[in-house]
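What follows is a short report on a single structure.
The values are calculated or read from the model by the stated rules, or taken from the named source; none is laboratory data. Everything numeric in this text was worked out from a predicted model, so none of it was measured. Heads up, the Cβs are rebuilt from the backbone with ideal geometry, glycines too, and the neighbour counts pull from every protein chain shown. Remember, those area values only see protein heavy atoms, side chains included, never the ligands or the DNA or RNA. Shrake-Rupley method; radii C 1.70, N 1.55, O 1.52, S 1.80 Å.
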Amino acid sequence: MTQKQKTHRIAVAALLAAVAAVLQFVEFSIPVMPAFIKLDVSDLPALLGAFALGPVYGVVISFMKNLLHIVIKGTSTACVGELCNFMLGAVFSVTAGCIYKHRKSRKTAILGALIGAAAMAVFSVPSNYFITYPAYVQFYHMPLEAILGMYQAILPSADSLIKCLVIFNMPFTLVKGLLDAALCMVIYKPLSPILHGRK
């Protein structure tokens, strides 16, 4: 790889991280989810980077996105929320990027994105159970019962955290990943000359 190619990759990764940080502020509430859970497409730039530049760049973009978010907005969970967001985004982009890198085609890109979204959804359960929600209890001083109450307002039978995460968060994270994947498939080809430095 030439120095020019390395410089281009770094520049593209920095641009994608900046776009991801902006997208993280564009979030929407979903009626079937508790109000504190928002939908955004900020993992899309990391997925683009993983496909165009390689899986490692997907991780770097996810990391830089959350670092920029902390710098711009600050953190109310001692960076735990941002850490979990980074881990989920990294799982998504690395899984998708590794599958695509093995054999670069539209078919493997779609397959990689789908498997990456599923991996992120599965990983969301232990990461939320062991890290994110205990942090909410610790730093927001919000009793776990109050958090469960927000889920039970939607589904009264959701009487344990693990049940809430499996019934609500895992499908939500999957849908979020699939949305990112769909958008990626639409815009990747038009953006390809910029991402790869071709005229």
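Accessible area per residue of the chain at 1.4 Å probe, in Å²?
Normalised by residue count, the accessible surface of the chain is 52 Å².
State the percent of C-alpha pairs, over all pairs in region 126-192, separated by a distance greater than 16 angstrom.
58
For region 1-142, state the average projected area of the convex hull of the C-alpha atoms over all orientations, rounded to one decimal in nm².
On the way: hull surface 37.2 nm².
That works out to 9.3 nm², a quarter of the Cα hull's surface.
Using alpha-carbon positions, what is the distance between the centroids of region 103-142 and region 54-76, in Å?
Here the answer is 15 Å between Cα centres.
Note down the accessible area of L191, probe 1.4 Å, to the nearest 10 Å².
Estimated to the nearest 10 Å², L191 gives 60 Å².
Among F51, F92, F123, determine the one that fluctuates most according to a GNM of the chain built with springs between C-alpha atoms less than 10 Å apart.
F123
Once you place label points 7 Å from the Cα toward the Cβ at V56 and S157, how far apart are they in nm?
4.9
Would you mind giving the average projected area, over all directions, of the Cα convex hull of region 118-163 in nm² with one decimal?
Convex hull of Cα atoms, orientation-averaged projection: 3.4 nm².
Percent of Cα-Cα pairs more than 18 Å apart in region 71-199, please.
Tail fraction, whole percent: 62.
Once the mean 1/r over all distinct Cα pairs of region 92-152 is inverted, what Kirkwood radius in angstroms do you read off?
13.5
Separation between the V122 and V166 pseudo-spin-labels, each 7 Å from Cα along Cα→Cβ, expressed in nm?
1.5
How about region 90-149: which trypsin sites (Lys or Arg not before Pro) there are in a DSSP loop, with at most 12 other Cβ atoms within 10 Å of their Cβ? Before the final figure, lay out the partial values.
Working: sites: K101, R103, K104, R106, K107; in loops: R103, K104.
Within region 90-149, the qualifying trypsin sites (Lys or Arg not before Pro) (loop, at most 12 other Cβ atoms within 10 Å) are R103, K104.
Quick one: Karplus J couplings for region 45-50, per residue in order, coefficients 6.51, -1.76, 1.60, θ = phi - 60°, nearest Hz, x for Gly and Pro?
x, 5, 5, 4, x, 5
Could you work out how much longer the chain between Y129 and I37 gets when fully extended? Use 0.36 nm per residue separation minus the Cα distance between them, nm to one decimal.
Numbers: separation 92, 0.36 × 92 = 33.12 nm, distance 1.47 nm.
Contour length minus the Cα-Cα distance gives 31.6 nm.
At what distance in nm do the modelled label points of V175 and S192 sit from each other, each positioned 7 Å from its Cα along Cα→Cβ?
About 3.2 nm, to one decimal.
Out of all Cα-Cα pairs in region 52-101, roughly what percent, to the nearest whole number, are more than 14 Å apart?
Working: 605 of 1225 pairs.
Counting pairs separated by more than 14 Å, the tail of P(r) holds 49 percent.
With unit charges on the beta carbons (Lys and Arg positive, Asp and Glu negative) and the dipole taken about the Cα centre of region 56-146, which residue among F139, L114, L83 sits farthest to the positive side?
So the residue we want is L114.
How much length is gained on full extension from S76 to K107, taking 0.36 nm per residue of separation minus their Cα-Cα distance?
Computed gain between S76 and K107 is 7.1 nm.
So what's Rg/Rh here for region 1-85, counting alpha carbon atoms and using the Kirkwood radius for Rh?
Ratio of gyration radius to Kirkwood radius: 1.05.
For the pairs K73/K101; K38/K65; K6/K38, flag any whose C-alpha to C-alpha distance is greater than 24 Å.
Cα-Cα > 24 Å for K73/K101; K6/K38; rest within.
Determine the share of the chain's accessible area contributed by carbon and sulfur atoms, expressed in whole percent, with a 1.4 angstrom probe.
Carbon and sulfur: 72 percent of the exposed surface of the chain.
What does the extension gain come out to for E27 and I10, with contour length at 0.36 nm per residue minus their alpha carbon separation?
3.4 nm
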